[in-house]
Structures are given as structure tokens and as C-alpha cells.
Amino acid sequence: MPKKSTKPAPIATLSRVPVPPPPPDAPDARVLDRLWGTVLSRKNADPADSHSARLLSRGTAKIAQKFGEEAVECLIEAVGGHRTALIGESADVLYHLLVLWVDAGLRPEQIWAELARREGISGIAEKAARKPEMTALATTKIP
């Protein structure tokens, strides 16, 4: 008897919405790679000379706190329907997330690989297939 795959099959009834191409002169996601490189280069810099170095010197708890504050500000702007402010807060969230990755010793391609692994898998199926240790923390998140 053939071994069954443990990877959930994509749900065929869900279709992807085509994403329109950006204007030819628009910035793209490569800016995140450049920003990550900049933050990484500041890891051992003088905290007096660099905001990234200052954050990194304060430790993981402070970096996580700052990331959380920025995420909350982003949510507030989204709920309020303030598009311009949401753009600015979203940039702040991404920056502070990259600082958190640098602090944790993560590289963007590790996250991109995880996103690629999940691509085409229903979010419901992906969550159900997670290992128990990844879901061990009790949360009160809305399902």
C-alpha cells in the first residue's frame, strides 16, 4: 500500500486573484532586501550613530516591544481607514520586523522559503497540519 502524503492538498475551489503589475518605475519588494542588509550592517555599529544599532543594543525584549507598538499603530490606522497613515505605519512595522530578524539571526530567505512552502495550501489546512510544539502556546486569537 502506498504511503499517504502528510502535506495537505491545495483546495481546488479557491482561486488566486490576478495581481496587476506595478507601474514600470515603481519600487518593488527588493527594497526589503536592501533594508535588511542595512540593518544587518548596523548590528555592531555605534548606537549613537544609528537608530538600528541603538535598537539592537537594547536587546530582544525592547526590539519586540517596539515591533508590537508599531503593529498596534498600524492596526489603529487600518481600522480608522487612514490610508496614508497606514502606509507609513506599515513601513514602520516592516522595518522593526527586520530589526527583530537581525536580532534573532534570521535571514529573509528563511521566511521567503516558509512562505513558498505554504503557497497554494489553504490557511485552514496549513494551520491544522502544524506540529504540536508550534501551537503549544494557548492563545485567544479569533479563529
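Here is how the numbers come out for the structure above:
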{"item": "Reachable aspartates and glutamates from Lys43, criterion Cα separation under 19 angstrom, eight or more residues apart if same chain", "result": "Asp33, Asp92, Asp103, Glu109"}
{"item": "Inter-label distance, nm, simple model (7 Å from Cα along the C-beta direction), Ala45/Ala85", "result": "3.0 nm"}
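A short reminder: the numbers here are calculations on the coordinates, not readings from a lab. Here the structure is a predicted model, which means the values were calculated and not measured. Note: ideal-geometry Cβ built from the backbone for every residue, glycine included; neighbour counts use all protein chains shown.
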